[in-house]
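Every read-out reported here was derived from the displayed coordinates using simple, explicitly stated rules and does not represent laboratory data. For clarity, every value in this text was computed on a predicted model and none was experimentally measured. Cβ sites come from the backbone with ideal geometry, for glycine too, and all protein chains shown count toward neighbours.
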Amino acid sequence: MEQVIVGAMPLDVLEPVLGESRFRGFADVASKAAAALHGRAVVNVNSTATGGGVAEMLPTLLAYARGVDIDVRWLVIYGGADFFTVTKRVHNNIYGVHGDGGELGRAQRRLYEKTLQPQVEDLLTMVQPSDVVILHDPQTLGLAPMLRRARVPVVWRCHIGADGTNDYTERGWRFLAPYLEAVDLLVVSRKSFAPPGFPADRVVVIPPSVDPLAVKNVDLDAATVDRLLAYTGLIQGRNGGPPTYQRRDGSPARVDRQADVLQLGPPPPPDAPLVVQVSRWDALKDMAGVLTAFAEHVDGTTDAHLLLVGPNVTGVADDPESVAVFEDCSERWRALPHAERRRVHLACLPTADTEENAVIVNALQRRATVVAQKSLAEGFGLTVIEAMWKNKPVVASAVGGIVDQITDDGCGSLIEDPHDLAAFGAAVRRLLDDPELPAKIGAAAHERAREFLPDVHLTRWAELLTSLPRAD
Ligand code: UDP
């Protein structure tokens, strides 16, 4: 297993964002939690250090916890392509979809367990019964039984789930059932995401959060945004050389790498309205659906451009489908009529440096007139809250945790049927056609995002961790 080094972040950097009284309450919770957890390591295990929502949140949350001297750690499991093909199959099934349609039988179970076995042995040399291990998502759940046998408390943080059940969800849960039995507590983003039959008194609901001070979300002025997007090749503009930004630890850095963009002609003009979806290249994010909806229901009526933006296709270790999904989008793009192709851009962002990637996403979300998240299923959808924090109107499908973020028409647009391209297009057009509306909805979105700041998130985790009995 690889250990990811996490810095420490003092909590008081959050005071200006939270306001004095909210911050004081939080600081009090944090110091009580630190005292209660003294001498107890909280070890997080997931399957990738970069790409996707879990890798996005862990560095920030762990840095705040370390800032109050809680001994939190982060380990990443390794796995071959065949292991991640199996876990992606489980992932898709838990979301209630077919995925690659491959088997989840005895051979797949053997491969899953064989990959995890040496890693749990490693892990057991690092933890003891007085510690807590938090396993993230199905990729790591198979570590639970051995931890249980060694009497180490296990929390399973499942970030995914479906709004209902079907044959696929049953198949996915059947695969995970033997490991679930070894879990002390299950943490989900929504109550309905808990597996059927899992004891309700061991389920805790903790929605994710957005960190306003992360490189992904920190304020950027309009000139920096334009310069950064021009340099990376995402909009037209004067190339003033590599733009600079500040890393999370305060050190200066430079954007050196450019985006890889599939487009016809130049990038969008500097003043063009942008519709932006930022997602991994995952079929459930439905980038292809956004492309078709834009081409059929938006383009031709405005001068807006669509940017579909994801990581470099080989950049997310635990996501084997990204190449195929990107290829599918590229084919659909090639099939568009010439005029529409000029307005649709498929961009892959550099992933070699996580903070460089983050500042580019930040600039894109800030430059967007409308942010889209047309997922077919979603655990939470961090991209939604990231855009809302940046005062953006989001047009998103009413699936999974997205409906907990956009709670009414005033703070964003929900499309009831995620396959309804006309409704999606109409919601985007409504925002593009009204010069006042994006700012109005964006302001309400920002207020709503204040419910999802790290203090709320960390307080829930502090409650949970301090409630776990300890062995010593
Ligand atoms: N993201 C990113 N660069 C990309 C694509 C996505 O940094 O090229 C980030 C995005 O900003 C968000 C996370 O990856 O923070 C995706 O989390 P989300 O909950 O939306 O979806 P997941 O990938 O976990 O299904």
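At a glance:
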quantity: In sequence order, calculated HN-Hα J values of the stretch 145-158 (Karplus, 6.51, -1.76, 1.60; Hz; x Gly/Pro); calculated: x, 5, 5, 4, 4, 8, 6, 8, x, 10, 10, 9, 9, 9
quantity: Calculated FRET value between Asp260 and Ala339, using beta carbons and R₀ = 25 Å, to 0.05; calculated: 0.60
quantity: Reach of Lys114 by Cα under 18 Å, taken over lysines that are not fewer than 8 positions away in the same chain; calculated: Lys88
quantity: Size of electric dipole in the stretch 87-212: Cβ of Lys, Arg +1 and of Asp, Glu -1, about Cα centre, debye, nearest 20; calculated: 260
quantity: CD proxy at 222 nm, helix term only [per DSSP H run n ≥ 4: -39500 (n - 2.57); per residue of the chain; nearest 500]; calculated: -12500 deg cm²/dmol
quantity: Protection proxy ranking of 133-139, 16-22 - average other beta-carbon atoms within 10 Å, highest first; calculated: 133-139, 16-22
quantity: Sequence-separation-based contact order of the chain, relative, with Cα cut under 8 Å and 6+ spacing, percent; calculated: 15
quantity: For the stretch 132-190: relative contact order, % (alpha-carbon pairs under 8 angstrom, 6 or more apart); calculated: 44
quantity: Charge dipole magnitude, Cβ of K and R +1, D and E -1 - the chain, Cα centre, debye nearest 20; calculated: 560
quantity: Positive-end extreme of charge dipole, the chain - chosen from Leu186, Val218, His91 (charges on Cβ); calculated: Leu186
quantity: Under-5 Å amide H pairs with Val187, H placed in peptide plane, nonlocal only; calculated: Trp156, Arg157, Cys158, Val204
quantity: Karplus 3J(HN,Hα) series, Hz, for the stretch 29-37 with 6.51 cos²θ - 1.76 cosθ + 1.60 (x for Gly, Pro); calculated: 4, 5, 6, 5, 5, 4, 5, 5, 9
quantity: Cα-based reach from Lys392 at 18 Å (exclusive), listing lysines while leaving out same-chain residues under 8 positions away; calculated: Lys216, Lys374, Lys440
quantity: Point-to-point label distance, Asp201-Glu170, nm (Cα→Cβ direction, 7 Å offset); calculated: 2.9
quantity: Per-residue Cβ neighbour rank within 10 angstrom, fewest leading, Phe23, Phe326; calculated: Phe23, Phe326
quantity: Test item: Cα-centred dipole of the stretch 336-472, Lys/Arg +1 and Asp/Glu -1 on Cβ, debye; calculated: 500
quantity: Computed over the stretch 74-138: relative contact order in percent, which uses C-alpha pairs under 8 Å that are six or more apart; calculated: 37
